[in-house]
Amino acid sequence: MGYRTVVMYIEIGCFVVCVSGWILVCSTMPTEIWTWSEVGTLVLTTSNYFSNLWKHCISDSTGVSDCKGIPSLLALNWDVHMCRALIITCIILCFFGSILVLVGMKCTKIGGSEITNAKVTFAGGMNYLIGGMCSMVSFSYYGNNIRFEFQDPTYREQKFEIGVGVFIGWGGSTLLVAGGLIYSILAGREACSSRVSRPTRFPATPLCRREKATCHRNMKSLANTNMDTWNSQSFCRKEILRIFATVNHLADETCAQQLATTSYK
């Protein structure tokens with residue numbers, strides 16, 4: 001199994017991981033239980049309070065629940081606005097990251113050259129990575145606020161605990177960060193290399209120019225002997241390589257290779 005095949009399978013696995021994380025983060029938006037609290041000492045009179053970034057809900061022991069949306073957008077605290085913005089940013093970045101990765105992966109063959117596909121895949125991986133970091137910051141900050149209020153002895157209002165929505169968000173964010181990081185490393189090594197190895201070029205030396213002129217003269221003389229053009233060029237190439245086979249100077253060797261691939265007319 002070659003290196004390209006291994007990278008292709010890793011990219012497919014990372015794509016599945018990132019899409020799964022993206023779906024998990026999206027599923028936390030309609031999830032109502034980001035925070036929850038249970039009030040009551042008897043089973044028949046127990047009430048559950050739970051909420052998320054968009055509404056507050058209450059349910060009783062009979063299973064009947066009632067939700068109320070947050071009435072004022074401007075009256076919200078800045079941290080709720082920040083969590084909303086970060087999660088929406090994550091969803092948008094991961095959407096475009098999925099498109100870029102689908103175009104740039106080696107198995108799809110939609111893009112252009114290998115370098116171009118690697119650059120597109122790198123851009124998609126960075127979208128996943130940045131989106132995962134945004135959602136991770138949002139869920140971590142929200143969960144830390146719940147923990148701080150619960151453990152604060154001076155906090156007299158009703159205390160809440162971390163709900164299932166925050167845990168799902170943590171799991172999805174972890175998948176996005178892991179998949180985006182692997183994408184960025186694999187594609188970045190191929191697309192963001194600072195130097196591309198190229199053969200060293202040297203100026204033609206007097207010996208090289210002299211042998212080139214000799215080759216042209218041999219071409220004319222060989223043409224007069226009714227040899228076809230391809231055989232003449234092949235003979236000239238072989239002669240030049242034979243002449244420079246014993247020359248140790250790197251410039252002359254480079255010149256010989258250039259002359260050997262030159263088409264003379």
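The table for this structure:
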read-out: Amide hydrogen neighbours beyond the local backbone of residue 31, cut-off 5 Å, H modeled; value: none
read-out: Relative compactness, the range 88-183, computed as alpha-carbon Rg over 2.2 N^0.38 Å; value: 1.46
read-out: Two-decimal Rg to Rh for the range 1-90 - Kirkwood Rh, Cα set; value: 1.23
read-out: Selection from 12, 63, 50 lying farthest towards where the dipole of the range 1-136 points positive, charges on Cβ; value: 12
read-out: Interchain or long-range residues, amide H under 5 Å from residue 106's placed H; value: none
read-out: Under-5 Å amide H pairs with residue 162, H placed in peptide plane, nonlocal only; value: none
read-out: Cα-centred dipole magnitude for the range 1-159, charges only on beta-carbon of K, R (+1) and D, E (-1), debye, nearest 20; value: 560
read-out: Whole-Hz ³J(HN,Hα) from phi, Karplus 6.51 cos²θ - 1.76 cosθ + 1.60, for the range 23-31, glycine and proline x; value: 5, 5, 5, 5, 5, 6, 5, x, 5
read-out: Residue-span extension gain [residue 39 to residue 137] - 0.36 nm each, minus C-alpha spacing; value: 32.3 nm
read-out: Heavy-atom accessible area ranking, 1.4 Å probe, most first, across 109, 119; value: 109, 119
read-out: Label-to-label distance, nm, for residues given as residue 149 and residue 161 (7 Å Cα→Cβ offset); value: 1.6
read-out: Label-point separation in nm, residue 66 to residue 95, each point 7 Å along Cα→Cβ; value: 3.5
read-out: Area accessible to solvent at residue 90, 1.4 Å probe radius, in Å²; value: 0
read-out: Residues listed by number, the range 124-156, amide nitrogen under 19 Å from residue 181 label point at 7 Å toward C-beta; value: 124-141
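The values are calculated or read from the model by the stated rules, or taken from the named source; none is laboratory data. No experiment lies behind these values; they were computed from the predicted model shown. For neighbour counting, all protein chains shown are included, and Cβ atoms are generated from backbone atoms with ideal geometry for every residue, glycine included. Calculation scope for accessible area: heavy atoms of the full protein, side chains included, ligands and nucleic acids excluded. Shrake-Rupley method; radii C 1.70, N 1.55, O 1.52, S 1.80 Å.
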